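The values are calculated or read from the model by the stated rules, or taken from the named source; none is laboratory data. Please read all numbers here as calculations on a predicted model, not as lab measurements. Heads up, the Cβs are rebuilt from the backbone with ideal geometry, glycines too, and the neighbour counts pull from every protein chain shown. The protein model used for the area step is the full one, side chains on, heavy atoms only, and it has no ligands, DNA or RNA in it. Shrake-Rupley method; radii C 1.70, N 1.55, O 1.52, S 1.80 Å.
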Amino acid sequence: MPTIDYVALDAEAVRTSIEVVGTATPADLAAPTPCRAWTLYGLLAHMATQHYGFAAAAHGDADPEVWKLRDLGDDPVKAYVESAEHVLDAFAQPGVAEHVFPLHEFGPDAAFPGAQAISFHFIDYVVHSWDVAKSLGTAVTFSPAVLEAAQGVAQIVPTGDVRLAPGTPFGPDVPWTGDDPLDRIVAHLGRNPAWPN
């Protein structure tokens, strides 16, 4: 079975997020998103913070401070793009998939093999790219390779009562019978593909 190159797949997902975020205007920042209680600004702040957290983890930095929610300043779109470029650079370093990533948000002593940690980041940015696009009333497109890998990662995420716990990254899965693979992925991870309907 061939090894999945999550670094390359993640880079595609993150670059797609840059493209869709780059279309946002200041007026869009107060718009609702499929992430309950988050405006587009709140979602971008979360996404940027995660980029810096994962980039630090790629270098073995376990400082929990890096995971604290960031202020995006006067130009949130530019701040987001900078955060995305930062994590792309961190993940592009030789051998990164073999590093051990301390991921404080999973617990004070949580650490994961690099490839697995990058797969976590990857699935987040497939889904968050979709979230941003929905908030902006547009759509995102991913290659079949990204969608196939994202489907595989999404299926590993447990369902059931664990999705109801406070702070869980994904809500309960949403029943969905459509054919679009991205819709199936986001539905499995707690989004309604028909949002905002």
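Karplus-derived 3J(HN,Hα) values for the stretch 175-180, using 6.51 cos²θ - 1.76 cosθ + 1.60 with θ = phi - 60°, are x, 8, 10, x, 8, 5 Hz; glycine and proline are entered as x.
Between THR23 and GLU105, the modelled label-to-label distance comes to 2.5 nm, taking each label 7 Å out from Cα in the direction of the beta carbon. Where in the chain lies the longest segment free of trypsin sites (Lys or Arg not before Pro) that are both loop residues by DSSP (not H, G, I, E, B) and have at most 11 other Cβ atoms within 10 Å? It works out to 69-197. The H on the amide N of ALA111, modeled in the peptide plane, is under 5 Å from the matching H of LEU103, each at least 5 residues off or on a different chain.
Dividing the mean sequence gap of close Cα pairs (under 8 Å, 6+ apart) by how many residues the chain holds gives a relative contact order of 24 percent. Ordering ALA145, VAL132, ALA31 by Cα displacement along the dipole of the chain toward the positive end leaves ALA31 in first place; charges were set at the Cβ atoms of Lys, Arg (+1) and Asp, Glu (-1). Comparing ILE156, ILE18, ILE185 in a Gaussian network model of the chain, where Cα atoms under 10 Å apart are tied by springs, the biggest mean-square fluctuation is seen for ILE156. Average accessible surface for the chain: 50 Å² per residue, computed with a 1.4 Å probe over protein heavy atoms with every protein chain in place. Rounded to the nearest 20, the size of the Cβ-charge dipole of the stretch 21-161 about its Cα centre is 380 debye, with Lys and Arg at +1 and Asp and Glu at -1. Ligands, DNA and RNA left out, the 1.4 Å accessible surface of the chain is 56% carbon and sulfur atoms. Result for the chain in a Gaussian network model with C-alpha springs under 10 Å: among ALA37, ALA111, ALA149, the largest mean-square fluctuation is at ALA37. Highest GNM mean-square fluctuation among GLY152, GLY171, GLY73, for the chain modelled with Cα contacts below 10 Å: GLY73. Determine the shape class of the stretch 1-156: with a ≥ b ≥ c the square roots of the Cα gyration tensor eigenvalues, call it rounded for a/c under 1.5, and otherwise prolate if a/b is greater than b/c, oblate otherwise. The shape class here is oblate. For THR159 and THR39, a Förster radius of 45 Å and the Cβ-Cβ distance give a FRET efficiency of 0.95, rounded to the nearest 0.05. Estimated from helical segments only, the mean residue ellipticity of the chain at 222 nm is -16000 deg cm²/dmol, where each DSSP H run of four or more residues counts as -39500 (n - 2.57).
Other residues lying with their Cβ under 12 Å from the Cβ of VAL96 contribute a combined charge of -4, Lys and Arg counting +1, Asp and Glu -1.
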